[in-house]
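Notes for the one structure printed next.
Since every read-out is calculated from the coordinates, none of them should be taken as a lab result. All figures in this text were calculated on a predicted structure; none of them were measured in a lab. All Cβ positions, even for glycine, are placed from backbone atoms using ideal geometry, and neighbour counts span all protein chains on display.
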Amino acid sequence: MGHVEGRAQKPKQYAMVDDQAVLADGKTAVTEDQVESREKRIDDFETKEYLARHIIINSVSLRLAQNISKLTSAKAMWDAIVKDSAGKMLLYQVDARRRLQEMKCSEGEDIKTHLTEMNRLRQELAGMGSAVNDDDFTAMIIGSLPSSF
């Protein structure tokens, strides 16, 4: 998540003075162990960055993957996804609420399956910050039942 949120920072190579790697003071030579340790941290960073970008690309739609594939960091990719989806979330909430309100269980259909699907939609809406209160949900359930109930 540090890569996606932009908190992970790539370690910098040691500065070179007269073909010698030195510490930040510009004078003290670094040891071979220090160079190897820094190179390992750089490799670890690059590996995790690649994996984060790979997971993001393979978790979005083809359209969105094509739009973000040229971006060079996981954070830039994530920011583009958030920007792309920001306006769609409200539309999806409106559509999900409409589908919930219009659900009907026909005569002979499995009531348990119907109620499970209604509850799934209600929980999905709640997860997006658009909770359906108990009274409204009760009214939706009653309105969705076949007349034989």
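Longest span of the chain, sites excluded, free of GluC sites (Glu not before Pro) in DSSP loop with at most 11 other C-beta atoms within 10 Å?
1-106
Over the chain, how many pairs of lysines fall under 24 Å by alpha carbon, counting only those 8 or more apart in sequence or from different chains?
21
With +1 on each Lys and Arg Cβ and -1 on each Asp and Glu Cβ, and nothing else charged, work out how big the dipole of region 51-149 is about its Cα centre, in Debye to the nearest 20.
The calculation lands at about 700 debye.
By how many nm would the segment from R120 to V94 grow when fully extended, if each residue of separation counts as 0.36 nm and the alpha-carbon distance is taken off?
7.8 nm
Suppose every K and R has +1 on its Cβ and every D and E has -1 on its Cβ; what is the size of the dipole of region 1-46 about the Cα centre, in Debye to the nearest 20?
For region 1-46, the charge dipole is close to 260 debye.
Can you list which of the trypsin sites (Lys or Arg not before Pro) found in region 28-121 are DSSP loop residues with at most 13 other C-beta atoms within 10 Å?
Qualifying residues, ordered by number: K70, K104.
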